[in-house]
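These notes concern the structure reproduced below.
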Amino acid sequence: MIQRLLPSLSLIILFVGLSIASPHFLTQTNLSSVVRQTAVINVMALGMTLVIIAGGIDLSVGAILAMGGLLGTMAMEQGYPIPVGVFIGTVTGLAWGLVNGLLTTKLAIAPFIVTLGTLGIVRGLTLIISNGLPVHRIPQSFSYLGEGNLLGVPFVLWILVVCAAVTHVILEHTRHGRYAFAIGSNPDAALYAGIPVAFHTTAVYAFCGMLTGLAGMIEASRLMTGQPTAGQGYELQVIAAVVIGGGSLRGGEGSVIGTLIGAFIMGLLSNGSDLLGISPYLQQAIIGAVIILAVTVDELRKRRMAS
């Protein structure tokens, strides 16, 4: 029980600690900034939650984010309306998620290898398409997606709430969610039970890709540019958010609330490090250490349950 509450307790302790350590932390401007900065990782992590619950992993999300953001902004640069650009970016992510799922299931290759390969493919294609140059000529009103407010609340927070609600419903109230847990817990048993493992595995990768494409458009909106090098290292932060929130890299465990808490812990660590003047290089080391700690706690818990 204590281990299940650990992410929530860690978030509370971190929040209180930063409030005491820095007088700038509790300002409306800073908290709004935390929400906006964390939204991209949060949206991606929701999709990754389903993948990890189903026993998979996706290392290509950072590259998919970059391609989604690039193609969406290129469409707007060509004169297409903003909703069309956002749609194109999101569908780009969906398509690559589908590719990851099909390669994993049809070729029976470990998802680590498949997505490591597509990471390189997607990143390379993104740089080829853009010629290594960012897209700048996009409508100013596009910035509302990442920087605007609705009813005094950052618009991206509304998007995050909708994505989280949809993901929660899928996980807890649909057959697809139940099957994802079953596949992650024991894929062979799921197959013998008559669950279409290949279809549902492909579906979770497609869903992850779709949310990553959407996150790519949010990132492009915040930067007001389609950046072909965007999202580098994001896969580490996304996976860390899921693991810190209680997801198991062995599959079969995870939750939307846990992932959101994990992502906000990551966001507060980054924001607090900036406020306290901690080197960004050290921040990367801290993220790595937190991942190891979270996985270690999960392994110890599993061993105690098995004994």
task: Of the conditions (1) at pLDDT 90 or above; (2) farther than 30 Å from ALA189 by Cβ, CYS208 clears all except one; give me its number.
output: (2)
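Being surrounded by 12 or more Cβ atoms within 10 Å (Cβ to Cβ), charged (D, E, K, R) and either part of a loop (DSSP other than H, G, I, E, B) or at pLDDT 85 or above (or both), is that true of even one residue in the stretch 171-178? Give the derivation first.
Here is the first cut: in the stretch 171-178, the ones surrounded by 12 or more Cβ atoms within 10 Å (Cβ to Cβ) are 171-172, 176-178.
From the residues that got through so far, the ones that are charged (D, E, K, R) too are 172, 178.
Still in the list and also either part of a loop (DSSP other than H, G, I, E, B) or at pLDDT 85 or above (or both): 172, 178.
So far as the stretch 171-178 goes, yes, one or more of its residues are surrounded by 12 or more Cβ atoms within 10 Å (Cβ to Cβ), charged (D, E, K, R) and either part of a loop (DSSP other than H, G, I, E, B) or at pLDDT 85 or above (or both).
Looking only at residues that are polar (S, T, N, Q) and touching a Pro at 6+ places or on another chain (Cβ under 9 Å) in the stretch 247-296, which one is modelled with the highest pLDDT?
From the stretch 247-296, those polar (S, T, N, Q) are 248, 255, 259, 270-271, 273, 279, 283-284, 296; that's our starting set.
If we keep only those that are touching a Pro at 6+ places or on another chain (Cβ under 9 Å) as well, we get 270, 273.
On the way: SER270: 81, SER273: 78.
This residue is SER270.
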message: Which residue is farthest from the chain's Cα centre (by Cα), if the candidates are limited to the stretch 175-218 and must be polar (S, T, N, Q) and over 28 Å from PHE155 (Cβ atoms)?
response: ASN186
message: Can you tell me how many residues within the stretch 136-150 are in a loop (DSSP other than H, G, I, E, B) and touching a residue at least 60 places away in the same chain (Cβ under 8 Å)?
response: 4
All positions within the stretch 121-135 that are part of a helix (DSSP H, G or I), surrounded by 13 or more Cβ atoms within 10 Å (Cβ to Cβ) and of a type outside the set (S, T, N, Q): ILE121, VAL122, ARG123, LEU125, LEU127, ILE129
- prompt: If only one of ALA263, ALA206, ALA240, ALA289 is small (Gly, Ala, Ser), loosely packed, with under 15 Cβ neighbours inside 10 Å and assigned to a helix (DSSP H, G or I), which one is it?
  reply: ALA289
field: Candidate set: the stretch 151-168, residues that are outside any helix (DSSP H, G or I) and of a type in the set (A, V, I, L, M, F, W, C); chosen: the one surrounded by the fewest Cβ atoms within 10 Å (Cβ to Cβ)
entry: LEU151
field: Sole residue being basic (Lys, Arg) and without any contact (Cβ under 8 Å) to a residue 24 or more places away in the chain, chosen from ARG303, ARG222
entry: ARG303
- prompt: Which residue, of GLY252, GLY247, GLY277, is crowded, with 24+ Cβ neighbours inside 10 Å and part of a loop (DSSP other than H, G, I, E, B)?
  reply: GLY247
message: Just to be sure I understand, how many residues within the stretch 16-29 are surrounded by 17 or more Cβ atoms within 10 Å (Cβ to Cβ) and in a helix (DSSP H, G or I)?
response: 1
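Out of the residues in the stretch 106-139 that are of a type in the set (S, T, N, Q) and at pLDDT 90 or above, state the one that is farthest from the chain's Cα centre (by Cα).
First pass over the stretch 106-139, keeping only residues of a type in the set (S, T, N, Q): 115, 118, 126, 130-131.
From what's left, at pLDDT 90 or above: 115, 118, 126.
Working: THR115: 15, THR118: 17, THR126: 19 Å.
Checked the stretch 106-139; the qualifying residue farthest from the chain's Cα centre (by Cα) is THR126.
The values are calculated or read from the model by the stated rules, or taken from the named source; none is laboratory data. Note that the coordinates shown come from a computational prediction; the quantities given were computed from them, not determined experimentally. Note that each Cβ is placed from the backbone with ideal geometry, even for glycine, and that neighbours are counted across all protein chains shown.
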